[in-house]
Amino acid sequence: MTRVRPVFVFVLLAAASSLCFAVYYLYEPHLHVDLVFYDRHWVATEIHPISPLSGCFDPDHVSPLYNLTDALYGKKQFEVQAGVPMRMGMDCYAFAGTVGFPETQSPRSSYIDIDHPSERAQFHTYWRTDLAPLGSRQEYMFKSFFATQDIHRSRLVLWSNGDLSQNTIVRKYMRLFPDSFTLRIVDIPELAQGTAMEYSELLHLHDDLAWVDGDLIRLLVLWNYGGMWIDMDTLLTRDLAPLLEHEFVTQWDCYDKIYQSLNGALMHFRQHSPYLCEAFHLMSTSSPPRSPSTDWGAILYLRLWRRLLAESIPPFKIIPFCFSDPLACRLDNSVPDPFTPDRPDGQWAGGQGLEENGGLDRALKRIFGVHLHNRWDQLFPQDGWVDRLLLRRYDQRLREKGVMRGEW
């Protein structure tokens, strides 16, 4: 039998205690899905301080393209912000069902573009031509858009960093929807003109793809043109029109991540919105994004939201996680993994069914989309819930709209 000397045990415990104390002194622990540590110095210098806004909401500074009174204080038909995390059961999906008219066509009046009443509602998405070819997986996003939105009163703008006009899939949709689908190439310096970011060195952080391709391009596009941003890795499930009366970002998940609670995978802002004007000011005066900066946008939106509150300006809305990201909550109420075959028992959370008109189907008809978090190299299982409840229906709805006949 090997005996351990008490002195050795004491030294070991003291060392472990000192290490734990040092870690706790330097880092702030938070338990989400896993244990996350935030640098306390970073929190103290980057998160807690609330600097003044730059004056973008002063009436003399607001663009004539932006109706400040209507945007901030005008009457809205639908409430999109619950005010509680809605972690339990189907609460979030039930709340989504109160916004608009699920399973039916929304009123045509709600499709009027707020910035340009005589024009189509604008929706924007983005694909990098140098990272991967635009193929069948990306096409599902197009199908979902044209199957669920009013093609006569909306327009999808596909932004890219290269020429996609000769892509076979893109050409097909341009032919099928000549008035509802268009291409644009991103020119970051041009989009940044007239903003606080115009001469910023941050415009040239091309090595940080999460910063440039995610947060920066989204905000610059919406500043210049207004409308709704939809990440390409999203499958829409119903009409987005009821969300257009609000300016908003999205709750990232239901875990209450204290510093990373917001995201812009689905977001809406009016053209020349003072919210975006202030976001650019905050970008230009903040420390550069950490590398990699996948959380930079989340932190930006949180910091801006707190500054708006500090100056008694109604902040932008935060729509609940399940509206567009129902994969990001508890095991008993997140939608099943889209890339895993259905459970053999054909059930979902709480014993609800995966069949047509079952519990999952009803939930999908209430929310607005399913954000897939990239995973471009994975395929949807044949006859899985994505195939049965979404993809096949896109084709059917497009046929009912008089398009896609004989396309495949």
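Above 15 Å lies some portion of the pair distances; for region 313-384, what is it as a whole percent of all C-alpha pairs? More than 15 Å apart: 60 percent of the Cα pairs in region 313-384.
Residues whose amide H lies under 5 Å from that of MET232, counting only those 5 or more places away or on a different chain, are TYR126; hydrogens are built 1.01 Å from N in the peptide plane. Note that region 138-145 has calculated 3J(HN,Hα) couplings of 5, 4, 4, 5, 4, 4, 4, 5 Hz, one per residue in order, obtained from phi through the Karplus relation 6.51 cos²θ - 1.76 cosθ + 1.60 (θ = phi - 60°); glycine and proline are x. For LYS401, a cut-off of 27 angstrom between C-alpha atoms picks up these lysines, skipping any fewer than 8 places away in its own chain: LYS143, LYS172, LYS365. When each of the peptides 257-268, 46-57 is scored by the mean number of other C-beta atoms lying within 10 Å of its residues, the order from highest to lowest reads 257-268, 46-57.
Applying D = kT/(6 pi eta Rh) to region 233-388, where Rh is the Kirkwood radius over alpha-carbon pairs, T corresponds to 4 °C and eta to 1.567 mPa s, the Stokes-Einstein value obtained is 75 µm²/s.
For SER154, the amide hydrogen comes within under 5 Å of the amide hydrogens of ALA121, counting only partners 5 or more places away or on other chains and with H modelled in the peptide plane. Phi-derived couplings, Karplus 6.51 cos²θ - 1.76 cosθ + 1.60 at θ = phi - 60°, listed residue by residue for region 85-90: x, 6, 7, 8, x, 9 Hz, with x used for Gly and Pro.
Ranking of THR182, THR69, THR125 by solvent-accessible surface, largest first: THR69, THR182, THR125 (1.4 Å probe, protein heavy atoms only, all chains present).
Taking a sphere under 9 Å around the Cβ of ALA71 and counting the other residues whose Cβ falls inside, with K and R at +1 and D and E at -1, yields a net charge of -1. Within the same chain, lysines fewer than 8 places from LYS75 are excluded, and of the rest, those with a Cα less than 17 Å from its Cα are LYS317. Note: relative contact order over region 227-270, using C-alpha pairs below 8 Å and six or more positions apart, is 54 percent.
The values are calculated or read from the model by the stated rules, or taken from the named source; none is laboratory data. A quick note: this is a predicted structure, and the numbers were derived from the prediction, not measured. Heads up, the Cβs are rebuilt from the backbone with ideal geometry, glycines too, and the neighbour counts pull from every protein chain shown. Note: accessible area is taken over every heavy atom of the protein model, side chains too, but ligands, DNA and RNA are not part of it. Shrake-Rupley method; radii C 1.70, N 1.55, O 1.52, S 1.80 Å.
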